[in-house]
Amino acid sequence: MARIIGGVAVAVALLAMAAAAAAQAPSPAATPSGPPNVTAILEKGGQYTTFIRLMKETQQDTQLNSQLNNSFNGNGYTVFAPTDNAFNNLKPGTLNGLTQQQQVALVQGHVLPQFYTMDSFQTASNPVRTQASGTDGPYTLNITATTNSNVNVSSGVVEVTVTNALSAVKPLAVYSVDKVLLPFELFGVKSAAAPSSQTKPKKGGATEAAAGPAAGSEGAEPTGAASARAVGWGVAGLAAVLGCLL
């Protein structure tokens, strides 16, 4: 009996120790609530200071975070984030040459109003609409799959391969790109109108080229010269007749 009582006491003591240890153990970290913050993701990446600055100056960071927080409708968003080296490789003065509205369009041209994983890029239907828009409609990108499971993204001016995701948790995916996706609508080559090869007609249907002699009149004398010559022959004949009479 004493042995049984002793065993029970030991068991009770072990249970008490386990309960005390559980009480002292730290509780699991709480899962962050709310939507992701695009600025925080870029800052954690450490090489996107120019893109962050552009987003802040155009207030696109606030707008995107607000959309994720208040108007998320299940589609989500995808951001292509150019590195600082990507901006450094631009022609000097490229950003300064843009108006405020064009800078907004440049940033929005890197944002897709839909969440894409690397796998879902494989079946994207081109052209893919971006957040930017102009007088001719939304700015678009072409996204095509490569043989090694990466994707190529083209703006019509610049093409870049996407290989690295900074974050890909719905509703927001952020992918690093080593080129700035210059929108075709802002940086595309504008073709000059070709000059007309036709000669502009004058009034009455005559062209600017000088009119040549009429057909069949080559070498013909002017009408005035022929009349003068006829008068001369008549005067000479009259003089000869008078000479004979005298």
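The values are calculated or read from the model by the stated rules, or taken from the named source; none is laboratory data. These numbers come from a predicted model, not from an experiment. All Cβ positions, even for glycine, are placed from backbone atoms using ideal geometry, and neighbour counts span all protein chains on display. Just the protein is used for accessible areas: all its heavy atoms, side chains included, with ligands, DNA and RNA removed. Shrake-Rupley method; radii C 1.70, N 1.55, O 1.52, S 1.80 Å.
Can you tell me which residues in the stretch 71-88 are touching a strand residue (DSSP E or B) at 6+ places or on another chain (Cβ under 9 Å) and not in a loop (DSSP other than H, G, I, E, B)?
Within the stretch 71-88, Tyr77, Thr78, Val79, Phe80, Ala81, Pro82, Ala86 meet the criteria.
Here's the yes/no breakdown for (1) modelled with pLDDT of 90 or more; (2) closer than 16 Å to Leu166 by Cβ; (3) touching a Cys at 6+ places or on another chain (Cβ under 9 Å):
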| position | (1), (2), (3) |
| --- | --- |
| Val12 | no, no, no |
| Ala29 | no, no, no |
| Ile41 | yes, yes, no |
| Asp84 | yes, yes, no |
| Pro92 | yes, no, no |
| Gln103 | yes, no, no |
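Surrounded by 10 or more Cβ atoms within 10 Å (Cβ to Cβ), modelled with pLDDT of 95 or more and either touching a Gly at 6+ places or on another chain (Cβ under 9 Å) or not charged (D, E, K, R) (or both), is that true of Thr62?
no
Can we say Phe80 is open to solvent by less than 60 Å² (accessible area, probe 1.4 Å) and out of contact with any helix residue (DSSP H, G or I) (no Cβ under 8 Å at 6 or more places or on another chain)?
Judged against the criteria, Phe80 is a match.
Looking for whichever is in a loop (DSSP other than H, G, I, E, B), open to solvent by less than 50 Å² (accessible area, probe 1.4 Å) and either of a type in the set (Val, Ile, Thr) or touching a residue at least 40 places away in the same chain (Cβ under 8 Å) (or both) here; the options are Leu98, Leu68. Which one fits? Working first, answer last.
Values: Leu68 fails: in a loop (DSSP other than H, G, I, E, B).
Going through Leu98, Leu68 in turn, the sole match is Leu98.
Applying the selection to the stretch 115-141, what residues are surrounded by fewer than 16 Cβ atoms within 10 Å (Cβ to Cβ) and not hydroxyl-bearing (Ser, Thr, Tyr)?
Asp119, Gln122, Asn126, Pro127, Arg129, Gly134, Asp136, Gly137 - these are the residues of the stretch 115-141 that are surrounded by fewer than 16 Cβ atoms within 10 Å (Cβ to Cβ) and not hydroxyl-bearing (Ser, Thr, Tyr).
Looking at (1) charged (D, E, K, R); (2) within 16 Å of Pro36 (Cα to Cα); (3) not in a helix (DSSP H, G or I), which is the only condition Lys91 fails?
(2)
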